[in-house]
Structures are given as structure tokens and as C-alpha cells.
Amino acid sequence: MADALRPKVTRWPADRPAPDERQLRALLSAENVAPYAWGNPPGDRYAAHRHPYHKIVFCLTGSIEFELPERDETIELRQGDRLDLPPQLEHAALVGADGVVCLEAHRPR
């Protein structure tokens, strides 16, 4: 699969204090995207779907697993972790045992 179609995970460094929403909003704003927050209770599931845009997700609290059926891969995000999903990459999600709050932004193709 071409690099442009690969998801990218950026883990928050374990030796740094966990980020807060203000810090992550600043990081995304510096990329000229408009972040918004959302959250779900434990066990919520998003069915497999696609987006026409590049999706950026930061996990603020809790955890969430993104399932990538076309890649036979699962990516778990915890506090501070970032996931970049390219346009049209099929993904589903399962919220972890403590629920999740994420900060998300979109970049056009």
C-alpha cells in the first residue's frame, strides 16, 4: 500500500506529562485545521465507514481502538496519542472501558 494510504500513529512520549486539551488544540491550530472535541461512553462502537478527507484524531482521555479492516490492523489510542487517517481508508472504532474524549480535525484531500 502506498505511503499516502497508510495511517500514521504518533505516540505521546511516556517521559512527558500528559497533554491537556489546550495544548493539543494549539498543536492542531498550528497546522491550520479547526479542531473540535467529542466523546463516547465505554463500549460504544462506530461501524466501518470512510471519509473523503484526511482525519486527525488526538485522544484526550480514556482510550479508543480503530479497526482498519483493509489492512487487518487495529490501532489503540490512549491519552495524547495521535492518529492520522488518509481519505477513503475504511475504519471502525471501539471505545475503551473508561470511555473516550478526542479532539478531531479534518484536512481536505
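We did not get these values from a lab; they are worked out from the coordinates using the rules stated. On a predicted model such as this, the values are computed, not experimentally measured, just so you know. Here the Cβ positions follow ideal geometry from the backbone for every residue, glycine too, while neighbour counts run over all protein chains shown.
Summing -39500 (n - 2.57) over the DSSP H runs of n ≥ 4 in the chain and dividing by its residue number, what mean residue ellipticity at 222 nm do you reach, to the nearest 500 deg cm²/dmol?
That comes out to -2500 deg cm²/dmol.
Would you order TRP12, TRP38 from fewest to most other beta-carbon atoms within 10 Å of each residue's own beta-carbon?
With the sparsest Cβ surroundings first, the list reads TRP38, TRP12.
Would you mind calculating the relative contact order of the chain from Cα pairs under 8 angstrom and at least 6 residues apart, reporting the percent as a whole number?
39
Mind listing which GluC sites (Glu not before Pro) in the range 52-109 are in a DSSP loop and have 15 or fewer other Cβ atoms within 10 Å?
GLU90
Roughly what % of Cα-Cα distances in the range 37-109 sit above 20 Å, to the whole percent? Mind dumping the intermediate values first?
Numbers: 576 of 2628 pairs.
Tail of the P(r) past 20 Å holds 22 percent of the pairs.
What residues qualify as long-range amide H neighbours of GLN88, i.e. H under 5 Å apart, gap of 5 or more or another chain, H built at 1.01 Å from N?
When sequence neighbours closer than 5 places are left aside, the close amide H contacts are HIS51, TYR53.
For the pair ALA48 and ARG16, what calculated FRET efficiency results from E = 1/(1 + (r/R0)^6), where r is the Cβ-Cβ distance and R0 = 25 Å, to the nearest 0.05?
On the way: r = 33 Å, r/R0 = 1.34.
E(calc), rounded to 0.05, equals 0.15.
Check GLY80: other-chain or 5+ apart residues with amide H under 5 Å from its amide H, H built from backbone geometry?
So GLY80 has HN proximity to CYS59, LEU60.
Given just the C-alpha atoms of the range 33-78, how large is their convex hull per residue in cubic angstrom?
99
What whole number of Å gives the distance from the Cα centroid of the range 1-47 to the Cα centroid of the range 66-109?
Taking the Cα centre of the range 1-47 as reference, the centre of the range 66-109 is 8 Å away.
If you keep only loop residues by DSSP, which trypsin sites (Lys or Arg not before Pro) in the range 1-51 have at most 14 other Cβ atoms within 10 Å of their Cβ?
Working: sites: LYS8, ARG11, ARG22, ARG25, ARG45, ARG50; in loops: ARG11, ARG50.
Listed in order of number, the matching sites are ARG11, ARG50.
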